[in-house]
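Colleague: One structure, as structure tokens, below. Some questions next.
The values are calculated or read from the model by the stated rules, or taken from the named source; none is laboratory data. The shown structure was predicted, so the numbers you read here are calculated from the model rather than taken from an experiment. Here the Cβ positions follow ideal geometry from the backbone for every residue, glycine too, while neighbour counts run over all protein chains shown. For accessibility, only protein heavy atoms count, side chains too; no ligands or nucleic acids. Shrake-Rupley method; radii C 1.70, N 1.55, O 1.52, S 1.80 Å.
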Amino acid sequence: MSLAHDARVAVRSAAGAERPARTWPEIDNPAAWVVAAILVIMPLIANGFFLIEIFATTLILGTMALSLMFLAGYGGMVSLMQLTIAGFSAYMVAVFGVSGNANISLGWPWWLAVPMALALATAFGTLGGALAVRTEGIYTIMITLAIGAAFYYFTNQNWAIFNGHTGINTVATPHFWGVNWRADIPFYYVVLAVAALCYFAVEYLSRAPFGLALQGVRDNPRRMAALGFNVNAHRVAAYAFASFVAALAGVLQVWNYRQISPGSVSVGACIDVLIIAVVGGITRPIGPFIGALIFVLLRTFALDFLVRLGLDGNRFRLLIGLGFLAIVFWSSDGVVGLWQRWRQSQRPRADRPGGGRGHG
């Protein structure tokens, strides 16, 4: 056998001896089942405003941030173009589908427009990823931010395809089986299903050979290359998967608002996705959804709160920024990290790592 094969077998054996086998994500966690049950029965306990503007929007933004979490948490690549990919997908749904701008939209049925939008957005994100993987660290951030800024200015100035700063309005949503799938309850369940599929897909990939190899590339790319892994190919493949997840969120976003404009893909909005991922926690798939809930609640209610205090309501982003700084200051892994530290502190000392050592 080759030395590379022996090394890989040794690493796998050591990892299996040190870590217990992990079951399907959160299947043994009662809290996860409680949250899942609440999400399923949410239409019974929430009105239309909370169902769509709070919870559905949270799931959509969380799915976008999940694509960033997959790249940053498992691949060590911070991409600021995930919202751009989602926006590109949303634009393609509007361009190929039916909208109020008949001179731009091609009028395809949704079941043709959506797959085309997903394919083009995934290709767009993969191409951007192929450029970004040639750099590391701050340069990756700058390249992906430049792609996002370029797309924003292009949509703002292009009238033939993107209708300039006005955008594309009155985008048609699916109607089939006698159901209006943009109605509050059906649309909520569509969003919940897509978010759940993306969440479990990320959890599965993190345990699959590809995900484990990607984490190895994140930790030590030179050693993985020496073992025969194609480092750049794994990174580009990660961008392709993350782009598809972001594209799905973009389809849901354009169906939610029934319009898409350059303001939806601005540079500030791109950074918002990064804030969501970091605030929730960038090492676990549940983190982006927690961060999205915090972001949506602040964005929705902070304005009224500031007005009641006699302050300018337009400064609600100041609260978001202060909250972001506070969470990052106290925990490098966001709210998930704070929760894990609190749970660790509640465990008996003997159950903590290193806490059950005997006396010599």
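Colleague: Read through the list (1) surrounded by 14 or more Cβ atoms within 10 Å (Cβ to Cβ); (2) more than 20 Å from the chain's Cα centre (by Cα); (3) aliphatic (A, V, I, L, M), then give the number of the only condition that Val179 fails.
Modeller: With respect to (1) surrounded by 14 or more Cβ atoms within 10 Å (Cβ to Cβ); (2) more than 20 Å from the chain's Cα centre (by Cα); (3) aliphatic (A, V, I, L, M), Val179 is out only on (1).
Colleague: Here is a further query. Kindly provide the set of residues from the stretch 291-310 that are within 17 Å of Gly334 (Cβ to Cβ) and touching a residue at least 60 places away in the same chain (Cβ under 8 Å), ordered by number.
Modeller: Matches in the stretch 291-310: Gly291, Ala292, Leu293, Phe295, Val296, Leu297.
Colleague: Just wondering, is there one or more residues in the stretch 173-192 that are of a type in the set (A, V, I, L, M) and within 22 Å of Ala277 (Cα to Cα)? Don't jump to the end; show me each part of the working.
Modeller: So the first thing to find is which residues in the stretch 173-192 are of a type in the set (A, V, I, L, M), and the list is 179, 183, 185, 190-192.
Those left that are additionally within 22 Å of Ala277 (Cα to Cα): 191-192.
Within the stretch 173-192, one or more residues are of a type in the set (A, V, I, L, M) and within 22 Å of Ala277 (Cα to Cα).
Colleague: Being at pLDDT below 75, of a type outside the set (Lys, Arg) and either surrounded by 11 or more Cβ atoms within 10 Å (Cβ to Cβ) or over 30 Å from Leu212 (Cα atoms) (or both) narrows it down to one residue among Asp333, Asp312, Asp304, Asp351; which is it?
Modeller: Matching residue, one of Asp333, Asp312, Asp304, Asp351: Asp312.
Colleague: Being touching a His at 6+ places or on another chain (Cβ under 8 Å) and not β-branched (Val, Ile, Thr) narrows it down to one residue among Pro285, Pro262; which is it?
Modeller: Every option except Pro262 fails the conditions.
Colleague: On the given criteria, is Leu306 closer than 30 Å to Tyr74 by Cα, of a type in the set (A, V, I, L, M, F, W, C) and in a helix (DSSP H, G or I)?
Modeller: no
Colleague: Within the stretch 249-288, track down each residue that is open to solvent by 30 Å² or more (accessible area, probe 1.4 Å), of a type outside the set (Ser, Thr, Tyr) and part of a helix (DSSP H, G or I).
Modeller: Gly263, Val267, Gly268, Ile271, Leu274, Ile275, Val278, Ile286
Colleague: Any idea which of (1) within 15 Å of Ile60 (Cβ to Cβ); (2) within 17 Å of the chain's Cα centre (by Cα) is the one Val279 doesn't satisfy?
Modeller: (1)
Conditions (1) closer than 19 Å to Phe244 by Cβ; (2) buried (at least 20 other Cβ atoms within 10 Å of the Cβ), marked per residue:
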{"site": "Leu68", "(1), (2)": "yes, yes"}
{"site": "Thr84", "(1), (2)": "yes, yes"}
{"site": "Val93", "(1), (2)": "yes, yes"}
{"site": "Asn101", "(1), (2)": "no, no"}
{"site": "Leu112", "(1), (2)": "yes, no"}
{"site": "Gly125", "(1), (2)": "yes, yes"}
{"site": "Glu136", "(1), (2)": "no, no"}
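Colleague: Please give the number of the condition Leu106 fails out of (1) under 30 Å from Leu212 (Cβ atoms); (2) outside any helix (DSSP H, G or I).
Modeller: Failing condition for Leu106: (1).
Colleague: May I ask you to list the residues in the stretch 290-324 that are over 22 Å from Val35 (Cα atoms), aliphatic (A, V, I, L, M) and touching a helix residue (DSSP H, G or I) at 6+ places or on another chain (Cβ under 7 Å)?
Modeller: Ala302, Leu303, Leu306, Val307, Leu319, Ile320, listed by residue number.
Colleague: Does Thr140 satisfy being open to solvent by less than 50 Å² (accessible area, probe 1.4 Å), under 16 Å from Met64 (Cα atoms) and either assigned to a helix (DSSP H, G or I) or not acidic (Asp, Glu) (or both)? Quick ask: steps written out before the conclusion?
Modeller: Numbers: open to solvent by less than 50 Å² (accessible area, probe 1.4 Å): yes; under 16 Å from Met64 (Cα atoms): no; either assigned to a helix (DSSP H, G or I) or not acidic (Asp, Glu) (or both): yes.
So Thr140 fails the test.
Colleague: Failed condition for Ser79, given (1) in contact (Cβ under 8 Å) with a residue 40 or more places away in the chain; (2) open to solvent by 10 Å² or more (accessible area, probe 1.4 Å); (3) not in a helix (DSSP H, G or I), with all others met?
Modeller: Among (1) in contact (Cβ under 8 Å) with a residue 40 or more places away in the chain; (2) open to solvent by 10 Å² or more (accessible area, probe 1.4 Å); (3) not in a helix (DSSP H, G or I), Ser79 violates only (2).
Colleague: Also, quick follow-up: Residue by residue through the stretch 216-239, note down the ones that are assigned to a helix (DSSP H, G or I) and surrounded by fewer than 16 Cβ atoms within 10 Å (Cβ to Cβ). Don't jump to the end; show me each part of the working.
Modeller: Step one: filter the stretch 216-239 for residues assigned to a helix (DSSP H, G or I), giving 216-219, 221-226, 231-239.
If the condition is that a residue be assigned to a helix (DSSP H, G or I) and surrounded by fewer than 16 Cβ atoms within 10 Å (Cβ to Cβ), then Asp219, Arg222, Arg223, Ala225, Ala226, Asn232, Ala233 are the ones that fit.
Colleague: Could you identify the single residue in Thr173, Thr166 that is of a type in the set (S, T, N, Q), open to solvent by less than 40 Å² (accessible area, probe 1.4 Å) and within 30 Å of Ala113 (Cβ to Cβ)?
Modeller: Being of a type in the set (S, T, N, Q), open to solvent by less than 40 Å² (accessible area, probe 1.4 Å) and within 30 Å of Ala113 (Cβ to Cβ) holds for just one of Thr173, Thr166, which is Thr173.
Colleague: Given the condition closer than 23 Å to Thr135 by Cα, in contact (Cβ under 8 Å) with a residue 40 or more places away in the chain and not aliphatic (A, V, I, L, M), answer yes or no: does some residue in the stretch 251-271 qualify?
Modeller: Yes, that holds for at least one residue.
Colleague: Within the stretch 87-104, identify whether any single residue is free of Cβ contacts under 8 Å to residues at least 12 places away in the same chain and over 18 Å from the mean Cα position of the chain (by Cα), and answer yes or no. Can you show your working first?
Modeller: Restricting attention to the stretch 87-104, the residues satisfying the condition of being free of Cβ contacts under 8 Å to residues at least 12 places away in the same chain are 102-103.
Filter once more, so that each one left must be over 18 Å from the mean Cα position of the chain (by Cα): 102-103.
Looking through the stretch 87-104, at least one residue is free of Cβ contacts under 8 Å to residues at least 12 places away in the same chain and over 18 Å from the mean Cα position of the chain (by Cα).
Colleague: Here is a further query. Quick check: is even one residue across the stretch 167-190 closer than 19 Å to Ala56 by Cβ, in a helix (DSSP H, G or I) and of a type in the set (D, E, K, R)? Spell out the reasoning first.
Modeller: Looking only at the stretch 167-190, we keep the residues that are closer than 19 Å to Ala56 by Cβ, and these are 171-175, 179-190.
Within this subset, residues satisfying the condition of being in a helix (DSSP H, G or I) are 184-190.
The next check asks that each one be of a type in the set (D, E, K, R); those that pass are 184.
Looking for residues that are closer than 19 Å to Ala56 by Cβ, in a helix (DSSP H, G or I) and of a type in the set (D, E, K, R), one finds at least one in the stretch 167-190, hence yes.
Colleague: Please specify each residue of the stretch 182-215 satisfying the condition of being open to solvent by 60 Å² or more (accessible area, probe 1.4 Å) and not β-branched (Val, Ile, Thr).
Modeller: Asp184, Tyr189, Leu197, Phe200, Tyr204, Arg207, Pro209, Leu212
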